[in-house]
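Have a look at the structure below, then the notes.
The values are calculated or read from the model by the stated rules, or taken from the named source; none is laboratory data. The shown structure was predicted, so the numbers you read here are calculated from the model rather than taken from an experiment. Cβ: placed from backbone, ideal geometry, glycine included. Neighbour counts: every protein chain shown.
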Amino acid sequence: MVKKKLLAAMIVFLTVAALGYSNIVSFKVNYFIPRAQSGPGWPDSLWTSEFENMNYTKSNFQDTSFGFAYEYLLTQEFSLVFGLDTFSKNKSGYYKNYVGIELDSGTWAFPNAYQGDFAPMHRLNISITPAQLSLKIAPFGRRNKLIPYAGAGVGLYLWSIRMQGDIIDFSGGEDFADLSGNNITGYPIYQVDAMEGENFGKISFGYHVFGGLMIPVANRLTIDFEFKYSNAKGKFTSSFQGFGPFDIGSYQFSLGINYWL
């Protein structure tokens, strides 16, 4: 509840400032690259489970998105930036090493060396919306033909994840005999529609750093090239309990248009 109140207050403040008190308004097209950390350092991560078992990779979750920011100038070199970005990606994939077979005892997953009835698969939807506050510095001022800048700050990250389709329960294996009399292990397949972050979404705290270059192209108008690194972790509390922290950090490349008020 406290996090939701803080987020609501931040959004209201940003909107009011953007309408009347900011000095630069920016609209951006982003290329959003989720960090999606996985592997030995993240053994209980949902990302680790997905990348080990499904046919998709990190690159499949990269996509374009849109952002809005406004900047309040403190001096010629320093400013406060309030930004809101959006990202949502829906990706379907199948289990790489298993096929699904219908038996009298239920639906089971067996190694794909066998002929299956279907390919077990599910869809994963990830949504991340960072609302960020930053301190920005333009070390050479803002009256040049090229305006490099850098900055850092903190943010509230609204996020949600939904999984729909087949899921293999690798904790519930049973032994079966194939037509040649060989023992094989099968795992039950269940239908799931699991959601974490319903309605308003879950909220996590994080930080970010960025750097870029503004290029004046007209009176009160600049083109903006920017790279931003964000670090944030989500915590599962309902549908995905049993998994560890969920990496919602990102790398982001942006092309924007800045209008100087």
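Scanning for something in contact with a helix residue (DSSP H, G or I) (Cβ under 9 Å, 6 or more places away or on another chain) and in contact (Cβ under 8 Å) with a residue 24 or more places away in the chain, does segment 128-142 turn up at least one residue? The answer is yes, given that some residue of segment 128-142 is in contact with a helix residue (DSSP H, G or I) (Cβ under 9 Å, 6 or more places away or on another chain) and in contact (Cβ under 8 Å) with a residue 24 or more places away in the chain.
Those strands (runs of 3 or more DSSP E) of segment 47-147 in which 3 or more residues are of a type in the set (Gly, Ala, Ser) and within 30 Å of GLY165 (Cα to Cα) occupy 87-94.
Taking (1) in contact with a strand residue (DSSP E or B) (Cβ under 6 Å, 6 or more places away or on another chain); (2) among the acidic types (Asp, Glu); (3) buried (at least 18 other Cβ atoms within 10 Å of the Cβ) in turn, ASP44 satisfies each apart from (3). Of all residues in segment 196-230, those that are buried (at least 19 other Cβ atoms within 10 Å of the Cβ) and of a type in the set (S, T, N, Q) total 3. Here the condition is being part of a strand (DSSP E or B) and closer than 30 Å to TRP260 by Cα; of MET195, MET214, it holds for MET214 alone. Evaluate segment 92-110: report whether one residue or more is in contact (Cβ under 8 Å) with a residue 24 or more places away in the chain and in contact with a helix residue (DSSP H, G or I) (Cβ under 7 Å, 6 or more places away or on another chain). The answer is yes; a qualifying residue exists.
Mind listing whichever residues of segment 54-73 are of a type in the set (S, T, N, Q) and either farther than 23 Å from ALA131 by Cα or surrounded by 15 or more Cβ atoms within 10 Å (Cβ to Cβ) (or both)?
Step one: of segment 54-73, the residues of a type in the set (S, T, N, Q) are 55, 57, 59-60, 62, 64-65.
Matches in segment 54-73: ASN55, THR57, SER59, ASN60, GLN62, SER65.
Run down GLN132, GLN164, GLN115 and say which single residue is of a type outside the set (Val, Ile, Thr), farther than 30 Å from LEU73 by Cα and in contact with a strand residue (DSSP E or B) (Cβ under 6 Å, 6 or more places away or on another chain). One residue alone meets the criteria, GLN164.
Here PHE236 meets each of (1) part of a strand (DSSP E or B); (2) under 22 Å from ARG35 (Cβ atoms); (3) not acidic (Asp, Glu) with one exception, condition (1). Across segment 239-257, the qualifying residues are those that are at pLDDT 95 or above and either at positive phi or assigned to a loop (DSSP other than H, G, I, E, B) (or both), and the one among them that is farthest from the chain's Cα centre (by Cα) is GLY249.
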